[in-house]
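Peer 1: What follows is a single structure, and I will ask about it in a moment.
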Amino acid sequence: MKKNTFTLILMLLIGLVAGTLIGQLLSPVPALSFLVKAVELSWQPKADLLVIRYDLNLHIKLNLIGILGLAAGFWLYRRL
C-alpha cells in the first residue's frame, strides 16, 4: 500500500473511532473510569465580511482510550 497523506488521515481516523468505541464499551466498568473520562474541546471561528459570512463549529471529545487508538493508527501507518 502506498503511503500518502490520505492514508495517514484515514488510519488516524479509524484508530480514533475504534478507540472511542472501545471506550464506550468499557464505560460501565468502574475500575476503568480513568480511561473513559472525556475532555471536550471546541473551536468556533466565524466572520461576517458583508459579502461572505461563515460559521464553523468543531467539537472534539477525547478520552485516553481514543488517544491510544490514535497512536495505534499512527503505528499501523508506520508499519505499512
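Values in this text are rule-based calculations from the coordinates and carry no lab data. Being a predicted model, the structure only gives us computed values, none of them experimental.
Peer 1: With only alpha-carbon atoms in the gyration tensor, what are the semi-axes of the equivalent ellipsoid for the range 5-79, in Å, largest first?
Peer 2: Details: eigenvalues 182, 75, 11 Å².
Those come to 30, 19, 7 Å.
Peer 1: Something else about it: Taking LYS61 as the anchor, which lysines have their alpha carbon closer than 26 Å to its alpha carbon, excluding any fewer than eight residues away along the same chain?
Peer 2: Straight-distance partners of LYS61: LYS37, LYS46.
Peer 1: Between 0 and 90 degrees, rounded to the nearest ten: what's the tilt of helix 64-79 against the longest Cα principal axis of the chain?
Peer 2: 90 degrees
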